[in-house]
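Right, I'll just put the structure down here and ask away after.
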Amino acid sequence: MIQEISTKKATYYEELLGKGYSRRDFMKFCTMITAYMGLQASAVAQVAEALKTTPRVPVIWLHFQECTCCSESFIRSSHPIVADIILDKISLDYTETLMAAAGYQAEEAMAKTMKDYHGEYVLCVEGSVPQGADGVYCMIGGKSSMDILHEAAEGAKAIICWGSCASNGCVQAAKPNPTQATPIHKIIKGKPIIKVPGCPPIGEVMAGVLVHIITFGTIPALDGIGRPKAFYSKRVHDSCYRRPYYDAGMFVETFDDENAKRGYCLYKVGCKGPSTYNACGVMRWNNGVSYPIQSGHGCFGCSEESFWDNGPIYQRQAAAGGFGIEENADKIGLVALGVTAAGIAAHAVATNLRKTKAIDSLIKEGKESEHELKNE
């Protein structure tokens, strides 16, 4: 008797067990990704249940004008489950760089996914789209990236823009932008679009966005320019371990000076942390070990629009936030010292007043006691 083969798609948890992971591995991943998404610990069970019961979401991952660093970041995530399960690098429905199929077979796989899962699949786009010269600067299978994007976006339930290329054009869109490189949101309208900028974005951030869609069936809360608030709500400056040096007015003047060796703030040598919104300082890279500032290099501001045209990389910004006001680095140290001196002086005055009051009180009590004795 021929055994009937089930056509039911495996859930994420079933795929995980099939690859040799334990339930303990699964729960550790759920806990980690829940924390990264900024959810309460009570949401771990909800994330775990969703991954246990939800079949793998069909994913089409397109590559246009980019360097593939977003894919590299994703598959090198600190947790192997990110690459092995959330976006299986072998069974992806379509991605030019990671899928097993090639040529006509690959194109057929994408066409089948768009047909069979119309309105259900997630479209991930890595890279900007060149609109110059009728799109000839980026052609795949005889089609322009513009045509491919419109075709794939039509049946997608959501579009994720991986990296700064897809989110804001990145280096390709730098002046004079010869290919007319254009970010996805300026081409596709009427679809939920999530921007995950960075050059590249952090792998766990990418996974967190996908897990949110899987768990809740909706896109995550976005900021005013379409980035997930869970990962782009704070400045790199606000979570930087060098921030105390900034507040104290202690800066690196050149990359080879003594201040650099002491780990002082890199603002004066071009760090864009005060104007960059990203999770680098919290989540970090290389299994959470480090990030550019920790390695001794200032932030490029790569998750911000037009960072390539916002002045020289190693030139400091004209002004940055400090003490609740806009101040430049030359004044911050003076302000910090002034505040410290004022605080010390105020403390000394207050202490002296307290002492004077106490002495007066003692003298008064002494006089009253002496008066009472005389009356006796």
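The values are calculated or read from the model by the stated rules, or taken from the named source; none is laboratory data. Owing to the predicted nature of the structure, the values given are computational and were not obtained by experimental measurement. Ideal geometry is used to build each Cβ from the backbone, glycine not excepted, and the neighbour counts take in all protein chains shown.
Among the residues of segment 143-159, write down those that are in contact with a His (Cβ under 6 Å, 6 or more places away or on another chain) and either assigned to a helix (DSSP H, G or I) or among the basic types (Lys, Arg) (or both).
Within segment 143-159, none qualify.
Picking from Pro201, Pro178, Pro197, which residue would you name as being surrounded by fewer than 18 Cβ atoms within 10 Å (Cβ to Cβ), out of contact with any strand residue (DSSP E or B) (no Cβ under 6 Å at 6 or more places or on another chain) and in the same structural domain as Ile81 (by TED's automatic domain parsing)? Talk me through it step by step, then tell me what you get.
Values: Pro201 fails: surrounded by fewer than 18 Cβ atoms within 10 Å (Cβ to Cβ); Pro197 fails: surrounded by fewer than 18 Cβ atoms within 10 Å (Cβ to Cβ).
None of the other options fit; the residue is Pro178.
Restricting attention to segment 243-259, report how many residues are in contact with a Leu (Cβ under 8 Å, 6 or more places away or on another chain) and at pLDDT below 95. Steps first, answer last, please.
First pass over segment 243-259, keeping only residues in contact with a Leu (Cβ under 8 Å, 6 or more places away or on another chain): 249, 251-252.
Now narrow it down to the ones that are at pLDDT below 95: 249.
Number satisfying all stated conditions: 1.
Being farther than 21 Å from Pro200 by Cα, aromatic (Phe, Trp, Tyr) and at pLDDT 80 or above: is that true of Phe29 here?
Working: farther than 21 Å from Pro200 by Cα: yes; aromatic (Phe, Trp, Tyr): yes; at pLDDT 80 or above: yes.
Answer is yes for this residue.
Of all residues being part of a loop (DSSP other than H, G, I, E, B) and hydrophobic (A, V, I, L, M, F, W, C) in segment 293-311, which is nearest to Ser167 (Cα to Cα)? Just the residue, please.
The first filter runs over segment 293-311 and keeps only residues part of a loop (DSSP other than H, G, I, E, B), leaving 293-306, 310-311.
From what is left, the residues that are hydrophobic (A, V, I, L, M, F, W, C) are 293, 299-300, 302.
Details: Ile293: 23, Cys299: 19, Phe300: 16, Cys302: 11 Å.
For segment 293-311, the residue satisfying everything is Cys302.
From Val171, Val125, which residue is within 22 Å of Gly301 (Cα to Cα) and surrounded by fewer than 24 Cβ atoms within 10 Å (Cβ to Cβ)?
Working: Val125 fails: surrounded by fewer than 24 Cβ atoms within 10 Å (Cβ to Cβ).
Of the residues listed, the single one that is within 22 Å of Gly301 (Cα to Cα) and surrounded by fewer than 24 Cβ atoms within 10 Å (Cβ to Cβ) is Val171.
Next question, about the same structure. Can you pull out every residue in segment 276-314 that is within 14 Å of the chain's Cα centre (by Cα) and small (Gly, Ala, Ser)?
Within segment 276-314, Ala279, Gly281, Gly288, Gly301, Ser303 meet the criteria.
Kindly indicate whether any position in segment 263-286 is surrounded by fewer than 16 Cβ atoms within 10 Å (Cβ to Cβ) and closer than 23 Å to Cys67 by Cβ.
Within segment 263-286 (the criterion being surrounded by fewer than 16 Cβ atoms within 10 Å (Cβ to Cβ) and closer than 23 Å to Cys67 by Cβ), the answer is yes, since at least one residue qualifies.
Among the residues of segment 137-155, which ones are in contact (Cβ under 8 Å) with a residue 40 or more places away in the chain, farther than 21 Å from Lys189 by Cβ and not aromatic (Phe, Trp, Tyr)?
Ile140
May I pose another question? Which one of Gly141, Gly135 is surrounded by 20 or more Cβ atoms within 10 Å (Cβ to Cβ) and either of a type in the set (Gly, Ala, Ser) or in contact with a strand residue (DSSP E or B) (Cβ under 7 Å, 6 or more places away or on another chain) (or both)?
Numbers: Gly141 fails: surrounded by 20 or more Cβ atoms within 10 Å (Cβ to Cβ).
Testing whether each residue is surrounded by 20 or more Cβ atoms within 10 Å (Cβ to Cβ) and either of a type in the set (Gly, Ala, Ser) or in contact with a strand residue (DSSP E or B) (Cβ under 7 Å, 6 or more places away or on another chain) (or both) leaves just Gly135.
Right, Val125: assigned by TED's automatic domain parsing to the domain that holds Lys186, among the hydrophobic types (A, V, I, L, M, F, W, C) and in a helix (DSSP H, G or I) or not? Before the answer, list the steps.
On the way: assigned by TED's automatic domain parsing to the domain that holds Lys186: yes; among the hydrophobic types (A, V, I, L, M, F, W, C): yes; in a helix (DSSP H, G or I): no.
It is false that Val125 is assigned by TED's automatic domain parsing to the domain that holds Lys186, among the hydrophobic types (A, V, I, L, M, F, W, C) and in a helix (DSSP H, G or I).
Within segment 77-87, is even one residue within 20 Å of Pro220 (Cα to Cα), at pLDDT 85 or above and touching a Leu at 6+ places or on another chain (Cβ under 8 Å)?
No, segment 77-87 contains no residue that is within 20 Å of Pro220 (Cα to Cα), at pLDDT 85 or above and touching a Leu at 6+ places or on another chain (Cβ under 8 Å).
Filter segment 162-200 down to the residues that are among the hydrophobic types (A, V, I, L, M, F, W, C), in a strand (DSSP E or B) and either in contact with a Leu (Cβ under 6 Å, 6 or more places away or on another chain) or over 17 Å from Ala133 (Cα atoms) (or both) and list them by number.
Filtering segment 162-200 for residues among the hydrophobic types (A, V, I, L, M, F, W, C) gives 162, 165-166, 170-171, 173-174, 181, 184, 187-188, 193-194, 196, 199.
Now restrict to residues that are in a strand (DSSP E or B): 162, 181, 193-194, 196.
Hits for segment 162-200 are Trp162, Ile193, Ile194, Val196.
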